[in-house]
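Structure record follows, encoded as structure tokens.
The values are calculated or read from the model by the stated rules, or taken from the named source; none is laboratory data. Values in this document were obtained by computation on a predicted structure and should not be read as measured data. When we count neighbours, we look across all protein chains shown, and the Cβ atoms used for this are built from the backbone with ideal geometry, even at glycine.
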Amino acid sequence: MSSVRRVDADDPDVDIDMGNRMLYQDELFTGEVAEYQGEQIVCLDVYLDGIRNGLSQMWYPDGTQKLQGTVVNGSALGEFLEWHPNGVLKSRKFFDDDIYSLKEESVWDEAGNLVREWRREDG
């Protein structure tokens with residue numbers, strides 16, 4: 001069983017090329033790229049051949065989850081969830097696989113009250 005390769009986004013060997021692809025030591029990177037604030041991880045993305053491709057997660061500096069969703073070939077796909085710092089769901093977005101565009105969005109305030117809901121009307 002092989003372990004997943006993880007690099008720190010602030011590592012001097014990490015770079016982005018002109019095609020906006022992730023490089024590590026001048027090679028297209030496959031694995032996880034993490035960002036930290038002090039010792040706390042605040043962002044973790046999966047890359048395949050330099051392109052974000054897989055689970056994308058973010059956390060607030062206190063470790064509370066901030067965002068989670070899936071990226072395929074660099075574009076959001078499916079459900080993305082975002083939370084307020086108090087842990088209450090802030091938004092749910094759904095991206096379709098047609099043109100990787102936003103299809104639905106619901107937004108809640110910090111008390112959990114629905115403040116906006118939107119759905120794209122398909123012709």
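Do we have any residue at all in region 38-51 that's among the acidic types (Asp, Glu) and exposed (fewer than 15 other Cβ atoms within 10 Å of the Cβ)? There is at least one residue in region 38-51 that is among the acidic types (Asp, Glu) and exposed (fewer than 15 other Cβ atoms within 10 Å of the Cβ).
Among the residues making up region 1-59, those that are among the charged types (D, E, K, R) and assigned to a strand (DSSP E or B) are ARG6, ASP8, ASP15, GLU27, GLU32, GLU35, ASP45, ARG52. Just one of the listed residues (ASP45, ASP15, ASP49) is in contact with a strand residue (DSSP E or B) (Cβ under 9 Å, 6 or more places away or on another chain) and more than 27 Å from PHE95 (Cα to Cα), and it is ASP15. In region 86-109 there is at least one residue that is closer than 19 Å to CYS43 by Cα, without any contact (Cβ under 8 Å) to a residue 24 or more places away in the chain and in a loop (DSSP other than H, G, I, E, B). Each residue in region 2-35 was checked for being at negative phi and surrounded by fewer than 13 Cβ atoms within 10 Å (Cβ to Cβ), and 14 pass.
If I filter region 2-18 down to residues being more than 18 Å from the chain's Cα centre (by Cα) and of a type in the set (Gly, Ala, Ser), which single residue comes out as modelled with the highest pLDDT? Ranking the candidates gives SER3 first.
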